[in-house]
Amino acid sequence: MRTTIEPEKIESNWNTFESLCKRFNDENLNHLLETLGQRLAECPYAPRTEQPGCYTGGLIDLTLKVTSSMRKLNDMLDDKLPTASVLKVGLLHDLGKVGDLDATHFLEQDSDWHREKLGQLYKYNESMAKMGYSHRTLWLLQHFGVALTREEWEAIYIGGGLHLEENRFYVGSKSPLTRILAAAKTLVL
């Protein structure tokens, strides 16, 4: 697995991500980007080297790939989902990995043993309130006043996977938007 990404790629990915988000003409989303921008641009996707996105900028890098896959799947399938919903869910579904308003979720691992033996380049910020990524994503979007349709909310909520206990209720009744997100994440991750 890759454990680094070039600084130019981080900046390029951020510019693409921000440009796509600005298409929504949503002042609340723009405020979220202004507030969390640097942290979002640099946020890893995962803490361990055997996991995808375990590098600075991994969150946005993989988010763009998931979004691209969602768009392709939407074009291939007969669901004819609104492009705006596909983009919004693709771009925003994992924002909770950044942390909350004040604290970063993934901190650089300061233990050589964890880095060398476990491949854990990042550790969880234990000072943060416990919250799943999907829940934190929805909380951040709510805090900044970013509106979601019911289907967008559901797709983000279930985005962590149906293997999670809180999502088992939705087995067999996922919306097309939720299915496309899950399929795109399977393809990319």
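Here is how the numbers come out for the structure above:
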{"item": "Histogram of C-alpha separations across the stretch 1-115, 10 Å bin width, %", "result": "13, 43, 32, 11, 2, 0"}
{"item": "Helix 176-188 axis, angle to the chain major axis (alpha carbon atoms, nearest 10°)", "result": "40 degrees"}
{"item": "Of every Cα-Cα pair in the stretch 60-141, the percent that sits beyond 16 Å", "result": "63 percent"}
{"item": "Cα-centred dipole magnitude for the stretch 7-188, charges only on beta-carbon of K, R (+1) and D, E (-1), debye, nearest 20", "result": "520 debye"}
{"item": "Reachable lysines, given that their alpha-carbon falls under 24 Å from the alpha-carbon of Lys72 and they are not under 8 places away in the same chain", "result": "Lys9, Lys22, Lys80, Lys88, Lys174, Lys185"}
{"item": "Calculated FRET efficiency for the pair Asp78/Thr35, C-beta based, R₀ 41 Å, to 0.05", "result": "0.60"}
{"item": "Helix-only mean residue ellipticity at 222 nm for the chain, each DSSP H run of n ≥ 4 adding -39500 (n - 2.57), per residue, nearest 500", "result": "-17000 deg cm²/dmol"}
{"item": "Label-point separation, Asp110 to Glu11 (7 Å along Cα→Cβ), nm", "result": "3.1 nm"}
{"item": "Viscosity 1.306 mPa s, 10 °C: Kirkwood-radius Stokes-Einstein D of the stretch 7-188 over Cα pairs, µm²/s", "result": "95 µm²/s"}
{"item": "Separation in nanometres of the label points that stand 7 Å from Cα toward Cβ, at Lys130 and His143", "result": "2.0 nm"}
{"item": "Amide hydrogen neighbours beyond the local backbone of Gly99, cut-off 5 Å, H modeled", "result": "His105"}
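No value in this document is a laboratory result; all are computed from the given coordinates. No experiment lies behind these values; they were computed from the predicted model shown. Neighbour counts run over all protein chains shown; Cβ positions are idealised from the backbone, glycine included.
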